[in-house]
1. With a ≥ b ≥ c the root eigenvalues of the C-alpha gyration tensor of the stretch 124-213, is it rounded (a/c under 1.5), prolate (a/b larger than b/c) or oblate?
2. Report, to the nearest 10°, how far helix 66-78 tilts away from the longest principal axis of the Cα atoms in the chain, using its own Cα long axis and a range of 0 to 90°.
3. Label ASP161 and ARG27 with points 7 Å out from Cα along Cα→Cβ: what is the distance between them in nm?
4. Can you give me the relative contact order of the chain as a percent, contacts being Cα pairs under 8 Å and 6 or more apart?
5. Antiparallel versus total DSSP beta bridges in the stretch 81-213: what percent is that, nearest 5?
6. Amide H to amide H under 5 Å from GLY13: which residues, 5+ apart in sequence or cross-chain, H placed 1.01 Å off N in plane?
7. Note the full-extension length gain between ALA51 and PHE63 as 0.36 nm times their separation in residues minus their Cα-Cα distance, in nm to one decimal.
8. Indicate the gyration tensor shape class of the stretch 54-113 (rounded, prolate or oblate), computed on the Cα atoms with a ≥ b ≥ c the square roots of the eigenvalues: a/c under 1.5 is rounded; otherwise a/b larger than b/c is prolate and the rest oblate.
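The values are calculated or read from the model by the stated rules, or taken from the named source; none is laboratory data. Just so it is clear, the structure is predicted and the values come from calculations on it, not from any experiment. Counting neighbours? That spans all protein chains shown, and the Cβs are built from the backbone with ideal geometry, glycine included. For accessibility, only protein heavy atoms count, side chains too; no ligands or nucleic acids. Shrake-Rupley method; radii C 1.70, N 1.55, O 1.52, S 1.80 Å.
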Amino acid sequence: MAKQIVVLISGSGSNLQAIMDAISDGRIQGQISAVISNKAEVFGLERAENADIATEVIDHKAFESREAFDTELARRIDDYQPDLVVLAGFMRILTADFVRHYQGRMLNIHPSLLPKYKGLHTHQRALEAGDKEHGCTVHFVTEELDGGPLAVQGTVSIDADDDASSLQNKVHKVEHQIYPLAVELFCADRLVWSEQGVTLDGVPLPATGHRHS
Ligand code: GAR
């Protein structure tokens, strides 16, 4: 049975597009029930509308508190009874109650090789640290920001002439490979979270997740 997916975005939605494409190609046994954005008029909403996917905007600025926003967000997500919630450039810090509600069925993508560089400005930080390697991570979401168990990582090399912008472009290309892959594995019941950790095909994943090369 195809899994039902709700995708949360705040911006251009290129990762959303990569997942939509993998669904169209038949790689992902799932369908996107809705795309929800906390910002109106972002390009990601247009991508969803062009594919006849339901869209909703829930403006976080209209809510008194983080809790009030998250409560409404969860209510609207749960209308679709999703098997999986995908955070694809959703730039909001989520409350513990919200995260717990989706434990084991909410994925995020972060533009660094976690646990390195949680938070913002990851490309600049990797350059300043003199790293030779950088990348991106899909992980299950827990209460710790960018701290949940890792599912899939993809790497890029940092070259002498790279700046934050060239590095961001390189990482983005790899994001578009590993996010559809992680969603594919989840929807095929191959990538599974439990209290004991994350398994792929029944085998516990190392702390670095599955390395995609
Ligand atoms: C992606 O690079 C993603 O890794 C990042 O936002 C971008 C969204 O791009 N997410 C975070 O930084 C989360 N902490 P997109 O809208 O084109 O998919």
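1. Numbers: a/c = 2.53, a/b = 1.93, b/c = 1.31.
The shape class here is prolate.
2. So the helix axis and the longest Cα principal axis differ by about 70 degrees.
3. About 2.9 nm, to one decimal.
4. For the chain, the relative contact order is 20 percent.
5. On the way: 17 of 23 bridges.
Taking every DSSP beta bridge within the stretch 81-213, about 75 percent pair in antiparallel fashion.
6. HN-HN under 5 Å from GLY13: GLY44.
7. Numbers: separation 12, 0.36 × 12 = 4.32 nm, distance 2.96 nm.
Result: 1.4 nm gained on full extension.
8. Numbers: a/c = 1.45, a/b = 1.21, b/c = 1.20.
Rounded is the answer for the stretch 54-113, as its axis ratio a/c remains below 1.5.
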